[in-house]
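Notes to accompany the following structure.
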């Protein structure tokens, strides 16, 4: 994998890894048993494998009628599969006990390199077991397997292969181009897919929602009733709006205590609600 600063395709954040491209390329051409050896190697690591179509990604139905559900680590079964079809691609069933994979797409309409680099900068790639260059020029980042489900961030060209999914593994090929291991580490750690989604697609902050002028509540009692109907996500903004309207109308003391009680009643901590009402009072003092 290129480490040139001008190349958008990243390597591992921890540094340069083990370059195996020449060895793998030669093996694919000269050794028809290389895929069987690869499958047995993955199985020995405790990663269930199964055969896919030669030069393709679909499960080889003649051998594995149930697709990824037939994945196994049993050497005799694996040997039987690849003895019948030595040209079959090797697929790893993702999720525990194998690996989770961050899949960075490289397509004509876009790629996931910018998003991947954001994850590198956020420290999300520390603990990566291996990087694999895919036939399209994309990336598979292998992480310790978990029970997380698969996911997708289509706008960022990032997929997450985990429980129930699978990836085609080196030295398999698609359209004559190989999957190539470019960097590896002896150990890895799990990845938090939910955190990746928050980094790449952060939730939008709740927008303050205030009544329109023709529907604005009149008087402190009406403000209290309106505030009591607010839901989680808008409660503090609603309290500030109501407190500002109350203060503007001359409310103080017991009137503001009613707003405080309503705010506590919808779940706001009393200390936070008092601070919000005080902010409304200060705003009035500054503007007055």
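The values are calculated or read from the model by the stated rules, or taken from the named source; none is laboratory data. Here the structure is a predicted model, which means the values were calculated and not measured. Neighbour counts are summed over all protein chains in view; Cβ atoms, including those assigned to glycine, are modelled from backbone coordinates with ideal geometry.
Structure summary
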read-out: Conditions (1) modelled with pLDDT under 95; (2) touching a strand residue (DSSP E or B) at 6+ places or on another chain (Cβ under 7 Å); (3) farther than 23 Å from residue 95 by Cα; number of the one not met by residue 207; value: (2)
read-out: Residue match in region 82-102 (condition: assigned by TED's automatic domain parsing to the domain that holds residue 37, within 15 Å of the chain's Cα centre (by Cα), surrounded by fewer than 23 Cβ atoms within 10 Å (Cβ to Cβ) and assigned to a strand (DSSP E or B)); value: no
read-out: Some residue of region 176-198 being in contact with a helix residue (DSSP H, G or I) (Cβ under 8 Å, 6 or more places away or on another chain), surrounded by fewer than 19 Cβ atoms within 10 Å (Cβ to Cβ) and in contact (Cβ under 8 Å) with a residue 60 or more places away in the chain; value: no
read-out: Options 71, 114, 91: the member that is touching a residue at least 60 places away in the same chain (Cβ under 8 Å) and under 27 Å from residue 201 (Cβ atoms); value: 114
read-out: From the options 131, 125, 119, residue that is in the same structural domain as residue 166 (by TED's automatic domain parsing) and more than 14 Å from the chain's Cα centre (by Cα); value: 131
read-out: Residue list for region 31-53, filter: outside any helix (DSSP H, G or I), free of Cβ contacts under 8 Å to residues at least 40 places away in the same chain and touching a helix residue (DSSP H, G or I) at 6+ places or on another chain (Cβ under 9 Å); value: 31
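So that you can scan it fast, the table gives a plain yes or no per residue for (1) surrounded by fewer than 19 Cβ atoms within 10 Å (Cβ to Cβ); (2) modelled with pLDDT of 80 or more:
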site: 216; (1), (2): yes, no
site: 224; (1), (2): no, yes
site: 261; (1), (2): yes, yes
site: 287; (1), (2): yes, no
